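Here's the structure we're looking at; comments come further down.
The values are calculated or read from the model by the stated rules, or taken from the named source; none is laboratory data. Computed from a predicted model, the values in this text were never measured in an experiment. Backbone-built Cβ (ideal geometry, glycine too); neighbour counts: all protein chains shown. Areas reflect the complete protein model, heavy atoms only, side chains present, ligands, DNA and RNA absent. Shrake-Rupley method; radii C 1.70, N 1.55, O 1.52, S 1.80 Å.
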Amino acid sequence: MNISCPNRNSCFSIVCLLLFSVCIRFGVSAQETELILISAGTFTMGSDSRAADERPMHKVYLDAYYIGKYEVTNAEYYEFWKLQESNSTDMVPQHTPENFSHLPHIGDWPTRAEQFPNYPVVGVSWHDAAAYAAWKGMRLPTEAEWEKAARGYTNRIWPWGGAMEPHANTAAMDDGYENRLAPVGSFPKGKSYYGAMDMAGNVWEWTADWYSDVYYWYSSQAAAKRPKQNPTGPTAGSWRVIRGGSWIDAITRCSTTFRFYLYPNLKTSFVGFRLAKTAEKASK
Amino acid sequence: MRNWLKIVILLWLCLPLFGNAEQKPGDHSRYVQHVERGFVLMFEGNNQEAISEFEAALTIESQHAEILHYLGMAYAQEEFLNKAIESYERSITLMPDNIEVLYSLGVAYFNLDKWADAVAPLQQVVELSPEHARGYEVLGKSLVKLRRYAEAVPVLKEALVLKPQAAGTYYELGTAYLNLKEYATAIENFKQAITYGPARYADPHFGLGTAYLRLGDREKSRAEMQLFQQYQKEYAEYERLTRLTRNEPNNLEAWTGLAAMLMTQKKYGQAIQVFQKCIELDPNNAHFHHGLSRAFMNLNYPKHAVEAARKAIQLNPGEAILYNTLGSVYAMQGNSQNAIAAFQKAVELDGEQPYYHLNLSRLYEGMGNQRLAQEHYRVYEYLLSKQK
């Protein structure tokens, strides 16, 4: 079918206007996910001086991978959700975020996607997050990938360093976002060694791994001979690991090594996610 | 008129839709609200209110295995173990193979001294998840309590393969071997429990004392039993102080004693909280700020340690040890100039304390100033010999 366009300029204007209005409505939604390349190499995982499940400190080798610079936003998730709505069948599970009408700063979905496009999407289960990642041709980071992206090579306690500074949205009352979420990237001083934002606070982030309190010990056993290669966590479990702490947590729970867990089908206002992707190896 | 009729019919047809749309999501919204509040309260350690929230959520939507598990955990934290078991069992009905609920159920039975009841869910845990160290650990402990020592040994050994530095597991294994009359192996395990356990861990000394006695070594047995009694007394004191602070939250003496005990036991994280409570009760006491600084320093939070040490000095500028602590933190931060100034001030206020000179000596040595390093080291040695 041919579509005639009497006036090319006016057509162009209409298209531009449409694009513009979409951009205005959903902020960064039209942009591709911003990824950071984390080069291949060995890093130190865990801590000897903190909680029992973070022990011991051990070396882990990871191939190069990409990690989302920001947590996935409402606007980004909205595109995925919208597509599912239009393809709705009983056979396909619908990945709709939980509504938080009792939290005025978050509110109902999808209204919140329009009102707060640059806020991290919350109220998503692990399954929702994994489905979104697959839709984007990516995946959730493993626990090891998450930790390396957060602490870098210098074993930082928090993504920005070793000092307890208000560079993250936590439960503390001095970060400018008391009892509420913050738009992604609101704490530029809190960026990690690699430049990833909000790896401490704002929202916990789902990782791909099951939780086990002795997982780090296992990793370290393998690392005794040579660093564990690209670990993917325990083979079974009840809980998925979440990392980074959130707006409801004390800063001590937002450290780069603090590990926590949640049932994968729970949807809460304090857990979101970021994406990861394996980097293709350069051909020789 | 006809239009009005159409509108009325249309509205009537739509009524059920409106009804569903308002009632169902409204209820679910309240459920979500209670769950959210429950989580926040639970993370804050306010289990009692978390329980109310989870209960309220489950009144609205009762079939949530996960929330039942969290409710059970909150009950268990508050030591309402029967209520916890009830919640776990409801959760298991909905999700029978949930490893973590089964584990929680086993632990709750164990803590209620219902060891026989703990065995079945814990066995299920290790069958479903063969890498579940905690499952093996509590299962082994239950078997020891049930005097099924021969069965306990392989279970506890597996727990140690999965989690090798678990002092409590070594202790239980030692107990199992002791009762199996394998005294040498029992001694080995009790010693491992002491190696990996917290400072002043009393129970393994009792095990050692008993094992040595059965081997006929009375001297060693007596020594171990003495240590056991001493550490048990300390533990009893710790328990007493903890109870006292719980029952009388404004009892500064109890908080002070607890803080000192936690510092001795190197439980710095807990000590920080206790010192903060002391400061809340007596804000102008330099001793508490100093203690806080030392706890922060031991946990490698130099910035907070400096702040607390400065506050202590501000409150009591004539006390040498405060400057020594400040100097140590500066040294930790690599700020040699400030560290030297602080140590020198400590020496100025109390020149007879050898360790202030030792700190200065080490600092100068690190800076390559061998002359001053040796000078202070000589003073340190002299003062130390004088003290002896």
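Could you check, for the stretch A:201-213, whether at least one of its residues is in contact with a Lys or Arg (Cβ under 7 Å, 6 or more places away or on another chain), open to solvent by less than 10 Å² (accessible area, probe 1.4 Å), closer than 27 Å to B:Leu299 by Cα and more than 11 Å from every other protein chain (Cβ to nearest Cβ)? Yes: one or more hits. Taking the stretch B:100-139 as the range and being within 14 Å of another protein chain (Cβ to nearest Cβ), aromatic (Phe, Trp, Tyr) and farther than 18 Å from B:Tyr70 by Cα as the test, only B:Tyr136 passes. Of the residues making up the stretch B:206-261, those that are closer than 28 Å to B:Leu180 by Cα and out of contact with any helix residue (DSSP H, G or I) (no Cβ under 7 Å at 6 or more places or on another chain) number 10.
Determine whether B:Leu281 is of a type in the set (A, V, I, L, M, F, W, C) and buried (at least 23 other Cβ atoms within 10 Å of the Cβ).
Working: of a type in the set (A, V, I, L, M, F, W, C): yes; buried (at least 23 other Cβ atoms within 10 Å of the Cβ): no.
No; evaluated as a whole, the condition is false for this residue.
Of the residues A:Glu76, A:Glu98, A:Glu114, A:Glu145, the single one that is on the phi < 0 side of the Ramachandran plot and part of a loop (DSSP other than H, G, I, E, B) is A:Glu98. The condition (being under 23 Å from A:Phe116 (Cβ atoms) and either small (Gly, Ala, Ser) or touching an Asp or Glu at 6+ places or on another chain (Cβ under 6 Å) (or both)) is satisfied by just one residue among A:Ala150, A:Ala208, A:Ala131: A:Ala131.
If the condition is being in a helix (DSSP H, G or I) and either in contact with a strand residue (DSSP E or B) (Cβ under 7 Å, 6 or more places away or on another chain) or within 14 Å of another protein chain (Cβ to nearest Cβ) (or both), then the stretch B:294-320 contributes B:Ala295, B:Phe296, B:Met297, B:Asn298, B:Pro302, B:Lys303, B:His304, B:Ala305, B:Val306, B:Glu307, B:Ala308.
Rundown of residues vs (1) open to solvent by less than 50 Å² (accessible area, probe 1.4 Å); (2) closer than 20 Å to B:Lys266 by Cβ, yes/no style:
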position	(1), (2)
B:Tyr171	yes, yes
B:Tyr183	yes, no
B:Asn189	yes, no
B:Tyr196	no, yes
B:Tyr201	yes, yes
B:Leu213	no, no
B:Ser221	yes, no
B:Leu227	no, yes
B:Lys233	no, yes
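Would you check if A:Val122 is more than 12 Å from chain B (Cβ to nearest Cβ) and either open to solvent by less than 40 Å² (accessible area, probe 1.4 Å) or not in a helix (DSSP H, G or I) (or both)? Taking the combined requirement at face value, the residue does not satisfy it.
Would you confirm whether or not the stretch A:137-151 contains a residue that is without any contact (Cβ under 8 Å) to a residue 12 or more places away in the chain and open to solvent by 10 Å² or more (accessible area, probe 1.4 Å)? Checked the stretch A:137-151: no residue is without any contact (Cβ under 8 Å) to a residue 12 or more places away in the chain and open to solvent by 10 Å² or more (accessible area, probe 1.4 Å).
In the condition set (1) open to solvent by less than 30 Å² (accessible area, probe 1.4 Å); (2) within 12 Å of B:Ala320 (Cα to Cα), B:Ile340 is compliant with all but (2).
Counting only residues that are closer than 15 Å to A:Gly195 by Cα and in a loop (DSSP other than H, G, I, E, B), the stretch A:156-177 holds 5 of them.
The condition (being of a type outside the set (A, V, I, L, M) and open to solvent by 50 Å² or more (accessible area, probe 1.4 Å)) is satisfied by just one residue among B:Glu49, B:Glu61, B:Glu53: B:Glu49. Residue check: B:Gln123 meets all listed conditions (1) at pLDDT below 95; (2) open to solvent by 10 Å² or more (accessible area, probe 1.4 Å) but one, namely (1).
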